[in-house]
Amino acid sequence: MEFRFRTPEFFKGEAITPEEAEHRLLKDLEDPNRNSRQTLWNLSILYGSTNRLPQAIQCVERLLEDAAGPEEKAGCLLALGQYMEKANDFPAAVGFYRAAYSLEPCDPKVCYFIRNNLGYCLNSLGHYEEAEQYLTQALSISPDRYNAHKNMGISCEGCGDYIQAAEYYIAAIQRNASDPRALAHLERLVNREPTLLVDVPDLPQKMEACRQAVAFARKAWSDVGPRPNGPTPR
């Protein structure tokens, strides 16, 4: 089995506190020579990463009001959905993702995450069959991304298709062993449905390979320090 994992990103430049970053961005927002839209995006990211969701949402709502076309609007709605997810308001997140979906943006990454995140939220609400529809579309857009494989595993598990669920969890780990959530889902599934070890004869070997890959990725991250405090990909 082959596995991939994300490597840590290293950033060059001056290290500053969130308070200093906010001060600079607010100052830039008053400068007519600066790109105000990019500054608002940067502010929203800063507020979102420091758990100031109302301020982050206000920034994106301002961007949405002046969005030039469906591509920009879809990007704003996607961001609002992500902030609703972070607040655990999944019905509101679904509403924003559906609105973004209806705009039919062309950017493949935006299209993928609208469908993937919508599937994730529908799973969280127990709507597994509907989630499968959007996750199938996400997989057709970017089959090498791991998120939709993990979320499709959750959908299949919710629909009672445990063998298919295990296969999707393993596929997710193969695409990004740095994210341990798919392995956790797989372990829980097998613990709850031990007959899978009989129905899928090579499953124990695959699970052990997945465990080793996740452990290797975890060590690679620990060697360079803690992960950045950013949003968790869905």
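Couple of notes before you dig in:
- Enumeration of residues in region 177-208 that are assigned to a helix (DSSP H, G or I) and within 20 Å of the chain's Cα centre (by Cα): Arg181, Ala182, Leu183, Ala184, His185, Leu186
- Residues in region 68-82 that are farther than 18 Å from Ala138 by Cα, crowded, with 17+ Cβ neighbours inside 10 Å and either of a type in the set (A, V, I, L, M) or in contact with a Ser or Thr (Cβ under 9 Å, 6 or more places away or on another chain) (or both): Leu80 alone.
- When Gln164, Gln174 are checked against the criterion of being in contact (Cβ under 8 Å) with a residue 40 or more places away in the chain and either of a type in the set (Gly, Ala, Ser) or assigned to a helix (DSSP H, G or I) (or both), a single residue qualifies: Gln174.
- Sole residue being assigned to a loop (DSSP other than H, G, I, E, B) and either of a type in the set (Ser, Thr, Tyr) or at pLDDT below 95 (or both), chosen from Thr136, Thr232: Thr232
- All positions within region 146-176 that are within 21 Å of the chain's Cα centre (by Cα) and surrounded by fewer than 20 Cβ atoms within 10 Å (Cβ to Cβ): Gly158, Glu167, Ala171
- Unmet criterion (only one of (1) outside any loop (DSSP other than H, G, I, E, B); (2) within 21 Å of Pro70 (Cβ to Cβ)) for Pro105: (1)
- Residues of region 83-137 satisfying the condition of being closer than 25 Å to Gln58 by Cα, polar (S, T, N, Q) and buried (at least 18 other Cβ atoms within 10 Å of the Cβ): Asn116, Asn117
The values are calculated or read from the model by the stated rules, or taken from the named source; none is laboratory data. A quick note: this is a predicted structure, and the numbers were derived from the prediction, not measured. A quick note on method: Cβ atoms are made from the backbone with ideal geometry, for glycine too, and the neighbour counts reach across all protein chains shown.
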